[in-house]
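Shown next, in structure tokens, is the structure this report addresses.
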Amino acid sequence: LSSDVCSSDLSTSRFTPTVAGYYQINSVLTSNAAIAMVTAIYKNASQVSRGWFSNPASVGGVSVSGLVYCNGSTDYIEIYTYNASGSTTTDGTGNTWVDGFLARAA
């Protein structure tokens with residue numbers, strides 16, 4: 001994400017666009033264990049898009065994407081993942097990422 005259209009606050013894990021417009025947000029989270037998990041995009045603490053993965057027989061991951069309007073001043077984006085299986089897991093594949101871009105200015 002370009003610093004001329006956003007700021008990222010690592011202390012809060014928030015992406016805050018500084019240019020009003022529509023942002024394409026994408027995320028993939030992977031697991032080293034066979035679990036069920038949900039990953040979601042949140043705007044201002046409200047869910048706007050969700051992905052689900054459930055496969056008790058193999059390692060896998062979940063992807064989620066969405067086109068999200070942000071006002072360029074107070075709106076912020078966060079990604080949350082919920083491990084629905086109760087198993088302890090870590091990202092064992094190195095394929096966990098989040099990206100986004102300004103698709104269209106307002």
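The values are calculated or read from the model by the stated rules, or taken from the named source; none is laboratory data. Quick caveat, the model's predicted, so the values are computed rather than measured. Note that each Cβ is placed from the backbone with ideal geometry, even for glycine, and that neighbours are counted across all protein chains shown. With ligands, DNA and RNA removed, areas are computed over all heavy atoms of the protein, side chains included. Shrake-Rupley method; radii C 1.70, N 1.55, O 1.52, S 1.80 Å.
Taken over the range 65-106, the criterion of being open to solvent by 70 Å² or more (accessible area, probe 1.4 Å) and modelled with pLDDT of 75 or more is satisfied by Leu67, Tyr69, Ser73, Thr74, Tyr80, Tyr82, Trp97, Val98, Phe101, Arg104, Ala106. If you take the residues in the range 41-59 that are at pLDDT 80 or above and part of a loop (DSSP other than H, G, I, E, B), which one is surrounded by the most Cβ atoms within 10 Å (Cβ to Cβ)? Among those that are at pLDDT 80 or above and part of a loop (DSSP other than H, G, I, E, B), it is Asn44. When Val38, Val5, Val19, Val62 are screened for being in contact with a Gly (Cβ under 6 Å, 6 or more places away or on another chain), modelled with pLDDT under 90, open to solvent by less than 80 Å² (accessible area, probe 1.4 Å) and not aromatic (Phe, Trp, Tyr), only Val62 passes.
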